[in-house]
1. Give the residues of the range 222-258 that are closer than 20 Å to Ala80 by Cβ and in contact with a Gly (Cβ under 9 Å, 6 or more places away or on another chain), sorted by residue number.
2. Evaluate the range 306-323: report whether one residue or more is under 27 Å from Ser94 (Cβ atoms), in a helix (DSSP H, G or I), out of contact with any Pro (no Cβ under 7 Å at 6 or more places or on another chain) and of a type in the set (Gly, Ala, Ser).
3. Are any residues in the range 81-99 closer than 20 Å to Asn222 by Cα and among the polar types (S, T, N, Q), and if so, which ones?
4. Please find, within the range 289-314, the residue that is surrounded by the fewest Cβ atoms within 10 Å (Cβ to Cβ) out of those that are under 16 Å from Pro146 (Cα atoms) and in contact with a strand residue (DSSP E or B) (Cβ under 9 Å, 6 or more places away or on another chain).
5. Restricting the range 280-305 to residues that are among the hydrophobic types (A, V, I, L, M, F, W, C) and assigned to a loop (DSSP other than H, G, I, E, B), which is nearest to Lys193 (Cα to Cα)?
6. Tell me yes or no: at least one residue of the range 167-182 is touching a Lys or Arg at 6+ places or on another chain (Cβ under 7 Å) and either within 16 Å of the ligand (Cβ to nearest atom) or part of a helix (DSSP H, G or I) (or both).
7. Report, by residue number, each residue of the range 196-225 that is buried (at least 19 other Cβ atoms within 10 Å of the Cβ), more than 10 Å from the ligand (Cβ to nearest atom) and assigned to a loop (DSSP other than H, G, I, E, B).
8. Please list, ordered by first then second residue, the pairs with beta carbon atoms under 8 Å, 6 or more apart or interchain, first in the range 2-29 and assigned by TED's automatic domain parsing to the domain that holds Ala54 and at positive phi, second of a type in the set (D, E, K, R) and not in a loop (DSSP other than H, G, I, E, B).
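The values are calculated or read from the model by the stated rules, or taken from the named source; none is laboratory data. Because the structure is predicted, anything quoted here is derived from the model rather than measured. Here Cβ is always computed from backbone atoms with ideal geometry, including for glycine, and neighbour counts include all displayed protein chains.
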Amino acid sequence: MKFSTKAIHAGQGADPTTGATIVPIYQTSTYTQDAVGVHKGFDYSRTANPTRRALETQLAALENARFGCAFSSGVAATAAVVGVLSSGDHVIVSNDLYGGTYRLFSNVFGRYGLQFTYIDMTDLEGVRKAIRPSTKMVWIETPTNPMMSLVDICAVAAMAPDVIVAVDSTFATPYFQQPLELGADVVVHSTTKYIGGHSDVVGGAAITDNKDLYEAIKFQQNSAGGVPGPIDAWLTMRGAKTLALRMREHARNAQAVAEYLAAHPEIERVYYPGLPTHPQHELAKRQMSGFGGMLSLTLKGDDARALAFPNHLKYFSLAESLGGVESLICHPARMTHGSIPKEERERRGVTDRLLRLSVGIEDLDDLIGDLRTALEATQRETAPA
Ligand SMILES: *Cc1c(COP(=O)(O)O)cnc(C)c1O
């Protein structure tokens, strides 16, 4: 089965009891047993639920893997993966990281005796130097938020053969990036984003082809209990059916928007892996089969212009999150990355002039027209009198 077929068929055969073509929402916490210990494979919905299982089978298939665990959020998936470690274990983490992951590692797991070293993973020699005897996991996020930089999954995995290599592949989705085939051991997604795809459900997933690692993550899932309810699992599964279709359109629109902006005299810089000017464009071509729907930009002019710019947009809503069919814009320094100290933020390029776009699948002419209007409007506002 190829990708689009798996998205629609994996885990989603007709319901065995009724023939329902679409997997039902099994809104039940428990299951009646025929005799003590005699049941149909389900005893309690924290442990397993048929709707959730269908989603887990679907998502595992999309990563070409045997095992998937669905969670109530992306951070719950992250917590379950890191939860397989023990006090004293060391984790190497890319320093350009989703803020919630940083908070979870530093402020929660750090208190439990796990050790985290944050490094620039674009420097491979730095990764090699950071590995210690106690290193048990490498946590990669690629592409990163909001600077759109990449980590070479293949190179890092080759360097750390006895270490669990985990990749947060949320921005790329399984459609454009297959970390397990590049040597990673486990892939994590915030399914809230592209996989759900419609900004109407929060969820996460951890996917692996390693049976022991799966058992350990599954144990975390059942023990800590961060599972999605059946309706959320069903909505995520419905969203994921059209992932291929949506991603092609997201990437097509984002490429065109990136090229439009890059050529515009009022734009200082565009960060998009699909542009030949992106410093890791060659790696992106090797590691990804498409460049996704996310891009960031800096406007010429002052901070005030970047803050005013979203007010002139009609189709790009000013909002956190990403990956839905509708276009969004966010001001990372004041929104998603507001909790990172200003100096640290600016060192990473997240200045007050940076804006991040989640390019949706609306008509391209409307999106470019919207951006043009806002560029012209802010140019007038900030022009000297
Ligand atoms: C949103 C996001 C997360 C966290 O997922 P939630 O579903 O919000 O818990 C993790 N990693 C990345 C890259 C994200 O964008």
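1. Ser223, Ala224, Gly226, Pro228, Asp232, Ala233, Thr236, Met237, Ala240
2. yes
3. If the condition is that a residue be closer than 20 Å to Asn222 by Cα and among the polar types (S, T, N, Q), then Ser86 is the only one that fits.
4. The selected residue is Thr298.
5. Step one: of the range 280-305, the residues among the hydrophobic types (A, V, I, L, M, F, W, C) are 283-284, 288, 291, 294-295, 297, 299, 304.
Filter once more, keeping what is assigned to a loop (DSSP other than H, G, I, E, B): 288, 291.
Values: Met288: 18, Phe291: 16 Å.
Only one residue fits best here, namely Phe291.
6. yes
7. Once the filter is applied, which keeps residues that are buried (at least 19 other Cβ atoms within 10 Å of the Cβ), more than 10 Å from the ligand (Cβ to nearest atom) and assigned to a loop (DSSP other than H, G, I, E, B), the range 196-225 yields Gly197, Ser199.
8. Here the result reads Gly11/Arg53; Gly11/Glu56, each pair linking the range 2-29 to a residue that is of a type in the set (D, E, K, R) and not in a loop (DSSP other than H, G, I, E, B).
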